[in-house]
There are 2 protein chains.
Amino acid sequence: MSDGTQIRIDLDASTPVNRQIVDQIRTLLVEGVLPPGADLPSVRRLATDLGVHFATVADAYRTLAEEGWLEISHGRSARVLPRRAPAADREADELFRRRLRQLVAEARSQGVSAKKIASELDSLAKGMTP
Amino acid sequence: MSDGTQIRIDLDASTPVNRQIVDQIRTLLVEGVLPPGADLPSVRRLATDLGVHFATVADAYRTLAEEGWLEISHGRSARVLPRRAPAADREADELFRRRLRQLVAEARSQGVSAKKIASELDSLAKGMTP
DNA sequence: TATAGTGTTTATAAACAGTATACAGTGAGC
DNA sequence: GCTCACTGTATACTGTTTATAAACACTATA
């Protein structure tokens, strides 16, 4: 992640910028694009790339640190931690199911075709097993 | 939807209540649980059931009306409109793909198993074709 | 034409998001 | 050791959003 090209911020979106950053970096972490030991760009660097204030990026880093993904300490750049997934949780399962249903409903509502949605779900499911 | 049992609000969630209501009702609309012509509960009634202020529910109804799902007019109860899905939109497709990726990543991060996720994606994809 | 129902409007308080600025720790090079 | 350029932190401040409250206005019906 030497450049910020993998993250895109939409200032007009209804989801706040700090959460956009958290969500997108978390995705890279889960997918292994940012492996344990990797250094993240400094808050100022990433903020400049994204066109937001560095405090907003710092806030996002803090959130990810609280989730156990990052080690952040004063004066040093943020680093990806090795992280074991927390224990499975019935509540998290249920929440995922509901949010997935809602996301699909919203997509349909916006005109995304059933075929397209099914194919995205399928391809993601296929890539899931490893 | 004579009772509010199909909607559940989490006051501690990070997503605001008005959006929780919108998302859940939209899901019912897309899935046909609330068919065109159906009357929705009054804002006061639903608000009481959910434990929030009726202005919050009114705000949610207004959002769904702007999306073309509901007809609301002063003094009469909200009613579900027949609604044709908007034209497919490449941007909406892309946004759906990204948000789906992020949702899955978040679930994994919270300990939902790959198997569980894959099975949810699968079963949703299967039920998609109609 | 009451009256009990509906959603709307305006005002308010609290929480949140984003920024600016001053601060403090770290480490490489001198 | 010192310095300098880099890191993240803390506090204060602004505008926005969220949720509520209360007064309002429209509709249906008895």
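The values are calculated or read from the model by the stated rules, or taken from the named source; none is laboratory data. Here the structure is a predicted model, which is why all the values come from computation and not from measurement. Ideal geometry is used to build each Cβ from the backbone, glycine not excepted, and the neighbour counts take in all protein chains shown. Quick note on the areas: whole protein, heavy atoms, side chains included, nothing else; ligands and nucleic acids left out. Shrake-Rupley method; radii C 1.70, N 1.55, O 1.52, S 1.80 Å.
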Q: Please enumerate the residues belonging to the range B:19-71 that are within 12 Å of DNA strand C (Cβ to nearest atom), in contact (Cβ under 8 Å) with a residue 12 or more places away in the chain and of a type in the set (S, T, N, Q).
A: B:Ser42, B:Thr56, B:Thr63
Q. Can you pull out the residues in the range A:72-89 that are more than 10 Å from chain B (Cβ to nearest Cβ) and open to solvent by 30 Å² or more (accessible area, probe 1.4 Å)?
A. A:Ile72, A:Ser73, A:His74, A:Gly75, A:Arg76, A:Ser77, A:Arg79, A:Leu81, A:Pro82
(Q) All but one of (1) open to solvent by less than 80 Å² (accessible area, probe 1.4 Å); (2) away from DNA strand D (no atom under 16 Å from the Cβ) hold for B:Glu94; state the number of the condition that does not hold. (A) (1)
Q: Please enumerate the residues belonging to the range B:57-71 that are more than 11 Å from DNA strand D (Cβ to nearest atom), away from every other protein chain (no Cβ under 14 Å) and either crowded, with 18+ Cβ neighbours inside 10 Å or part of a helix (DSSP H, G or I) (or both).
A: B:Tyr61, B:Arg62
